[in-house]
1. Tell me, what HN-Hα J-couplings in whole Hz come from the Karplus equation 6.51 cos²θ - 1.76 cosθ + 1.60 at θ = phi - 60° for each residue of the stretch 471-478, using x for Gly and Pro?
2. Could you tell me what percent of the DSSP beta bridges with both partners in the chain are antiparallel, to the nearest 5?
3. Take the alpha carbon atoms of the stretch 243-316, find their center, do the same for the stretch 417-459, and report the distance between the two centers in whole angstrom.
4. Between the stretch 107-153 and the stretch 23-73, what is the separation of their alpha carbon centroids in Å?
5. Report the gain in length on full extension from Asp263 to Thr432: 0.36 nm times residue separation, minus Cα-Cα distance, nm rounded to one decimal.
6. Lysine pairs in the stretch 372-508 with Cα distance under 21 Å, only those 8 or more apart or on different chains: how many are there?
7. Full extension from Gln421 to Lys65: what is 0.36 nm times the residue separation minus their Cα-Cα distance, to one decimal in nm?
8. Where does each of His58, His471 land when they are ranked from fewest to most other beta-carbon atoms within 10 angstrom?
Amino acid sequence: MNRIKQIASHLNPITNTQPSGDIGLIGLAVMGQNLILNAADHGFTVVAYNRTVSKVDHFIENEAKGKSIIGAKSIQELVDNLKRPRRIILLVKAGAAVDAFIEQLLPYLEKDDIIIDGGNSHYPDSNRRYEELKSKGIHFVGSGVSGGEEGARYGPSLMPGGAEEAWPHIKDIFQSIAAKSDGEPCCDWVGPAGAGHYVKMVHNGIEYGDMQLISEAYDILKRIGGFTNKEIGDVFAQWNKGVLDSFLIEITRDILYYNDPADGTPLLEKILDSAGQKGTGKWTAINALDLGTPVTLIGEAVFARCLSSIKDERVAASKILPGPEITKDAVTDRKQFVDDLEQALYASKIISYAQGFMLIREAAKEYGWKLNNPAIALMWRGGCIIRSVFLAEITAAYRENPDLENLLFNKFFSDAITKAQSGWRSTIALTTKYGIPTPAFSTALSFYDGYRSAKLPANLLQAQRDYFGAHTFKVLPEFASETLPKDQYIHINWTGRGGDVSATTYDA
Ligand code: NBP
């Protein structure tokens, strides 16, 4: 009797048949619609719902026509049409909309059903949602989705994390619809709680860094080299055949070749040089500061956008603050200049990814997450905005050693950066000489030089802190003595005037 009741309760109450939906998706904007079509192409039956229900009808009658897609007019209809455990993806505006839909779904869901948030949610929200839903017996997955419209339609990079119990139930769908790199899906389990959205956040931060580096390279070629847009496009086309081969280099080439149909001149030069941002780069930089991790390149990339946005102030400053004149003979050997710049871009990119993975490593420690490092690099290898050949080498480095302390300790990358060093330094020397701003290139080199310095001038910082604030310091073990004991916080009365009381000790 109980069994009959149980089977009966699994029937769709309206059609009285077994539900056929493999997965439900809420949010019929650009990402949602394209992901549904992608899943349907891979043989899954998708149940679609949207807050504005008229969009469901429009979608079903147009793009979804003839495909294995069911339109739902209510949350109940959506849930009734799904096989158990129900798997429901939210692709709605990040923030309150996600919480609103979770609230609406809960009365219709049962233990072990799965809610997946595929939007650009901030990871602390995903941590919270994971805990709240866990207490209700529902598995929450926060999944980064990258690749924009094209990626969603034909293969995005997917970065799922949260309730690991959900993974066996969604793995097949996720890995089928994800982009493939050398036959491997650009999707694997990232880690617990908000780890999926965390990794997506770092991905976006790295994207900021890559874009800034490329923009600086364009500026150098244009202002110091005097190259035309077509010539710069040719340089990017050439770079795209080598170690820098990537989606962002490829689209930059196309942008440089693009002429305004109205007058046949480069459209790029007509675009206002004031960059927008939606906040994920800023989140990464703030998190890096919170975790005390020197993710300098992403930080500079965010600040470079901020500096670009004060256009009026810059225009005013340009009239009163002089800099060096760029002479016609600034570049004597064009080939060498381009080769050096390629090395500078490559080395800076290595630093940026090394910093990104340092941050991920620190987050794993801080939040107690066991993260799948080789899979993270593989997930970024295809489908997403930062996809590149270079990420195959990072995947290989983490496969060789999943607990690699720093990418720069891997032989491939330490050799690459050693080889690139001379071109990198020549490029920055040139931009400094001629007054071309290179915040990302320069911070990458400063980081490199700082990271490889066994001794930094922080001894003086410590002395200053102790001088003015009695913040104490430790001595180098080789100089330990009776008056300067080893491993102890020491305060010195530097002037002979202050007292001997020290402030609370702490590591900054
Ligand atoms: P949008 O971010 O523009 O969101 C549109 C969807 O959110 C519609 O379904 C809309 O319903 C719904 N929505 C809004 Br707006 N406010 C709502 C509310 N208060 N309550 C319930 N639903 C609400 O769509 P998108 O560009 O497809 O992006 C979807 C998610 O994917 C976002 O989190 C986005 O950040 C992320 N993402 C986007 C891209 C991209 O390239 N666009 C790439 C990667 C990730 P309505 O139709 O009734 O207004």
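Just so you know, all these numbers are worked out from the coordinates, no wet-lab data involved. Because the structure is a prediction, the values reported are computed rather than measured. FYI the Cβ positions are ideal-geometry reconstructions off the backbone, even for glycines, and counts take in every protein chain you see.
1. Whole-Hz 3J(HN,Hα) from phi for the stretch 471-478: 7, 6, 8, 10, 9, 4, x, 5.
2. Values: 11 of 31 bridges.
Taking every DSSP beta bridge with both residues in the chain, the antiparallel ones total about 35 percent.
3. Between the Cα centre of the stretch 243-316 and that of the stretch 417-459, the gap is 20 Å.
4. Cα centroid of the stretch 107-153 versus Cα centroid of the stretch 23-73: 18 Å apart.
5. Working: separation 169, 0.36 × 169 = 60.84 nm, distance 3.53 nm.
Going from the current span to full extension adds 57.3 nm.
6. Working: Lys411/Lys419; Lys455/Lys474; Lys455/Lys486; Lys474/Lys486.
Counting lysine pairs in the stretch 372-508 gives 4.
7. Working: separation 356, 0.36 × 356 = 128.16 nm, distance 5.60 nm.
Taking 0.36 nm per residue and subtracting the Cα distance, the gain is 122.6 nm.
8. Working: His58 15, His471 20.
Exposure proxy ranking, most exposed first: His58, His471.
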